[in-house]
Structure formats: C-alpha cells, structure tokens
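One structure below.
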Amino acid sequence: MSADSEILGSALPARPPAGASRAVSGASPDTSEPVATDLGAPTSQGVFGAAPKTTRGGACAPQKRVSGKKLFVWPPSTDALLWRIVRPVGMAALFLTAWGLAVRWSGSDLFPTPGNVARGIVELIQKGLLFKYIVASLFRVSWGFTLAVIIGVPLGLVLGWYSRAFQALNPFIQILRPISPIAWIPLAILWFGVSDAAPIFLIFLASVFPITVSSIAAVQNMQPVYLRAALNFGLSTGELFRQVIFRACLPQIITGIRIALGVAWLVVVAAEMIAVNSGLGYLIIDARNAGKRYDLVVAGMVMIGLIGLVLDLLVRQLEKFDEVRWGYGRK
Amino acid sequence: MTAVSIRNVSMRFAGKKNGDSIRVLENIDAEVAHGEFVCIVGPSGCGKSTLLNIVAGFLKATSGDVLVEGEPVIAPDPRRIFVFQENGVFPWLNVHENVGFGLRKQTRAQRDQTIARYIDMVSLAGFENAYPHELSGGMRQRVEIARALAANPDIIYMDEPFGALDFLTRLKMRADLVRIWQSEKKTILFVTHDIEEAVQLADRVLVMSNRPATIQEVVDVDLPRPRHLDSPGYLEKRDRIFKVMGMSLRVGETAT
Ligand SMILES: Nc1ncnc2c1ncn2[C@@H]1O[C@H](COP(=O)(O)OP(=O)(O)O)[C@@H](O)[C@H]1O
Ligand SMILES: [Mg+2]
C-alpha cells in the first residue's frame, strides 16, 4: 500500500465544480458493480446484434450475469415465438377433433359438436343477442366490482393500520366471507327484485371480501422501514395513507383484485341464471328451457371462458407498471 | 455547543418469559457537537441500532433522556433524517421522486433544482428515472443519502449504511460521504461495527461494550483529512479501538 493509495476525503472542503465533480469523484459510482459503470451504454448484445432493451431514463436494467455459452437472448428467436403459438393451438385442434369424434361415434343427439357450437355463436351474433348479453354481463360486473374496489381497498387499508378496528371487525368479516354469494340470491331478489341491482349486489359481495382481506394483509405485512422513513419525513395521516401505505401495498392489492375479478365473473353467471333476463348466464338457462338448445348452452360457456381470460389478461397488465413491478419478486 | 446529548439512557426489552427482561443499554452518556462527525462502534448485537433509534425518536428509552438543541426528543422529526441499515428508499418511486420526498412543501421549480443538485452530489445523474430495483445496492444507498441531504436536516443519523456493500464500494462511499459532509456542514451520528470505517470517517469514536452496552471509551480521531490508511496516526487510533474491544490484531490468535 503506497502512502497515497487510499485517500479518504478531499483536502479541499469545497465541492469540486459541477463539471468536474463526476469526472473526479463519480466516474464509476460503484467500482465493483457492473450495473453502475457505463451509463446507458449497451452492456450486452443480443445474438443478432440487437440492442438490449433499456429501461426508461437510460438506466440499464440489471443484466443477468452469464457464464460460459448460455447467453441471455433478446429478442427471443422467431422459432421460440412460433412454438409459443403452435403448442396451444395444436392442443386446441386436437381437443376439438376428439370432442367432435366422440359426439359422432356415440350417436348422441343431445350434446353438440364443435361445429354446432360455432353455428350457435354465429346465430347469436346474427340475432344481435351475443353482443347484447356480453354487454349486460360486463355492465353488472363493472358496477359490482368497482363498488367493491372503492369500498374494499380503503376499508382494508384502514383495518390493516388500526389494530383496534381490526379486532372489532375481523371476526365479522371472517364469518361473512365463507358464505357463498349464491346463498345470498334469495335475499337479493327479496331486496332488489328482478333488476340489475340484485346481481350487482351479489358481485359486490363476492369481490369485496378478497379485496378487503388482501388489503388488510398487505398493510400488516408492510416492511416497517418504509413506515419509519415516512414518519421521519413528518407526513400527516392522510399523506401517510396516500403516499406510503397505499403505494407500498399496491402490488398485493392488485393481486387481490385479480382474484376478486375472477370470482366476480363466476358469480355474475350464476346470478343471471336466477335474478334477471339478460346476460350470458341467462342465455345458458334460457337456451336449455326454451327447447333444449345445448349448442347455445355450450356457446354461452365458451364465451364466458373467453371473456374471463381477457379480463384476467387485462388485470395482469396492471402488474407491469414500474410503480408496482418491484412487488412481484424478480421479473 | 452540543447538537445531541444522550443522558443516562438505559434500555430493556421484554424477554420471552413473563417478567424476564433483556438489558441492552446501560447508562449511556454522550454528546455530539454541531457539525461533528461521530461514530459509534461496537460488536454486532450490542445495541447500536437500539441506541440510534432512541436518539432519533423511533423508540422510547426505559430511562434517561435524549436532548437535541436542548429539547427532549419524543418523536422522529424531519430536521433529523435517519438513513436505515435495511435501505429505506421507496421502491414505488423513481430516483428523482425519492430524492424529492422530503421536499413536498417546496414549489416545483425549487424542488427540481434541489433534487438535481443532490442527485449530482451522489453521482447518480442520468439515473433520475430509474426505479430502485433497477439499481445496485450501492446506488440505492446513494439515493437514500441524497434523499436525506435534500431534506436539509441539521443532523443525519446513519445505521450501518454501507454494511451490505462490498469492500471497494464501501471505501468509495466513505470517501464521498466525507466530501459531502465537508461541503454541507451537517452533524452526523454514524453507527458501524467496522472499526476501520469508524477511524476513517469520524472526528470522535464512541466504543461500546458487549451487552448490556456501556460506552467503554471515547477515542478522539484528531487526524487531518484526507486520511491515509497507512499513516502511523491512523494505525495508532485503529489499534487502540481494537484493543478496547478486546480483539487481537493477529488473525488466528484467540481474543483476550
Ligand atoms: N424489539 C426488540 N425486542 C426484543 N429484543 C430486541 C428488540 N430489538 C433489539 N433487541 C435485542 O437487542 C439487542 C441489540 O440489538 P441491536 O440494537 O439491533 O444491535 P446492533 O445494532 O448493535 O447489532 C439484540 O440482542 C437484539 O436481539
Ligand atoms: Mg444494527
């Protein structure tokens, strides 16, 4: 070790001029950490020479350290993309063929073939019913679900934070939670009659509990260091909730919302079978009652599945925002 | 003139069994002057974090008082910012927003100017829009230091802020911290278990004993800055603290 090899602090107390400061003291913020060294410069190249994806602001996303031959390749090769499509599509084709053959060989005239179902869907489109029923179902889900989010998230955050309120209300929530929304149908009809309000109420009941419970858990499991930092900066209670507690819990809240939306979609179909006369649930019951149209029954089921898938994909997009991505482990 | 005075502070935690109690701090007395850089060293688990949390108002001492500017400390205060052992940067805010967190009362123009100044000071220019999970550990710690400085506190409390970093990064961060302290003229109370770190940084080092911790010795590190890590003065201070802590300088020898 030479006499001037490691010098701590500057002889001049003043900060070096702005231009020089980085060159002198910050050329490499962290000497040993590769992420920090070259700002925004590509640190690895895809196999095809494509520039790696950089995140906003020119910061390099943490690069996977690679050893030996195996390189992290971006964009994925076209082969991989192709397979991602071929596998599920091939599987679906196989399934539809097997279904068609099974119906034909058994000689059943009750159960429809995939072709019958497809024609059923076309028929529904032509009569203008499909679109109308989808809108009716989505309308009910939107209302019930939005109400559940508006009430469940703040309620959960407050109960998670104030332990006395939690003690008072938690048993109540835990007793109501396991009661299936279906069990509420008689009461819902009694209170709201045959109107949109009944299924909206049921959807609200179905989704408010998962949302509330996941929000409570999120607050209770919050890392204490964020709270202490917030207290240190002198936040008011309102600021604490909006700027720290809510933000820290958002990843878990979104997970709760995803689960709740799935349940809401299950319930709307059940509710529409009983309490109203439109929507995809009504379509299924109506098709059976009015002439055993099982092709339309299965058509309704297919639409319910497809829309459920789309809803889940939409909520999943929320998990990709920078403000919450940190909460889902390593991407 | 004293910025912080710790008067006869003791701390016990409730133990596992009823009525059982763990004595962590025992009659701690210390003072920190305005603009002074004071390090507290002690073995792991001796109560350093506990003491700093009491001083910052996050914990209440079992007995004794902490005064800042003559006023007793009862709660955390934005005039004294804490830099946490387990990085307290908010993962949902980007670097720019994190550094500006303590500036909510300023106008936007003022705030942007302050943020830019401190991001530059910790050499993170160009990373304003990056999120903490996209940064290395050392960079996240810089963000937290910038956030603390930007709030313009009188005192900064630091609890092993470089503990999770590797050797070279740590060395670099220390040099930067001293440079910033010299230009910003803050009072710093810095906790570490690393004796070398304490001697490199501090004006004075408070050496704590094992639990229940007392302040065993106060070592004045009256060495000019920049400090040379192989100068006789540096080695003498370092060896003194090693000795107080009952450690041998020869690896392989049992502690005395
Ligand atoms: N909330 C607590 N309850 C019980 N014991 C605690 C609590 N916090 C800290 N301790 C104990 O106090 C001692 C000192 O802890 P700490 O101040 O974190 O040590 P250091 O920071 O010096 O490593 C440890 O033995 C720890 O287990
Ligand atoms: Mg500690």
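Points to keep in mind about this one:
- Answer residue from region B:31-61, given it is hydrophobic (A, V, I, L, M, F, W, C) and away from ligand 2 (no atom under 16 Å from the Cβ) and is farthest from the chain's Cα centre (by Cα) among those: B:Ala61
- Taken together, B:Val95, B:Val73, B:Val89, B:Val99 contain a single residue that is open to solvent by less than 40 Å² (accessible area, probe 1.4 Å), among the aliphatic types (A, V, I, L, M), facing chain A (nearest Cβ under 10 Å) and within 21 Å of the chain's Cα centre (by Cα), which is B:Val89.
- Here B:Lys172, B:Lys186 are screened, and the one residue that is touching a helix residue (DSSP H, G or I) at 6+ places or on another chain (Cβ under 9 Å), within 7 Å of chain A (Cβ to nearest Cβ) and either under 27 Å from B:Leu229 (Cα atoms) or crowded, with 24+ Cβ neighbours inside 10 Å (or both) is B:Lys172.
- Residue in region A:275-282 that is open to solvent by 30 Å² or more (accessible area, probe 1.4 Å), hydroxyl-bearing (Ser, Thr, Tyr) and more than 22 Å from A:Trp326 (Cα to Cα) present: yes
- One residue stands out among those in region A:201-226 that are surrounded by 18 or more Cβ atoms within 10 Å (Cβ to Cβ) and within 14 Å of chain B (Cβ to nearest Cβ): the one that is farthest from A:Val269 (Cα to Cα), which is A:Tyr226.
- Some residue of region A:125-135 being in contact (Cβ under 8 Å) with a residue 40 or more places away in the chain, under 23 Å from the mean Cα position of the chain (by Cα) and crowded, with 17+ Cβ neighbours inside 10 Å: yes
- Against the criterion of being open to solvent by 80 Å² or more (accessible area, probe 1.4 Å) and within 16 Å of ligand 1 (Cβ to nearest atom), B:Lys48 does not qualify.
- Consider region B:117-144 and keep the residues that are facing chain A (nearest Cβ under 7 Å) and acidic (Asp, Glu). The one that is nearest to the chain's Cα centre (by Cα) is B:Asp120.
- Options B:Asp154, B:Asp166; residue that is within 12 Å of chain A (Cβ to nearest Cβ), out of contact with any helix residue (DSSP H, G or I) (no Cβ under 7 Å at 6 or more places or on another chain) and surrounded by fewer than 20 Cβ atoms within 10 Å (Cβ to Cβ): B:Asp166
- Residue satisfying condition, being of a type in the set (Phe, Trp, Tyr) and loosely packed, with under 12 Cβ neighbours inside 10 Å, within set A:Trp105, A:Trp99, A:Trp143: A:Trp105
- Near pairs, Cβ below 6 angstrom, 6+ apart or cross-chain, from region B:43-58 (over 21 Å from B:Val244 (Cα atoms)) to any residue that is within 9 Å of ligand 2 (Cβ to nearest atom) and not in a loop (DSSP other than H, G, I, E, B): B:Leu52/B:Asp159; B:Leu52/B:Val191
- Within region B:196-242, tally of residues that are within 16 Å of ligand 2 (Cβ to nearest atom) and among the acidic types (Asp, Glu): 1
The values are calculated or read from the model by the stated rules, or taken from the named source; none is laboratory data. Treat the numbers as computed from the prediction; the structure is a model and nothing was measured. Cβ coordinates were reconstructed from backbone atoms using ideal geometry, including for glycine residues, and neighbour counts include every protein chain displayed. Heads up: the accessible areas ignore ligands, DNA and RNA and are worked out on the full protein's heavy atoms, side chains in. Shrake-Rupley method; radii C 1.70, N 1.55, O 1.52, S 1.80 Å.
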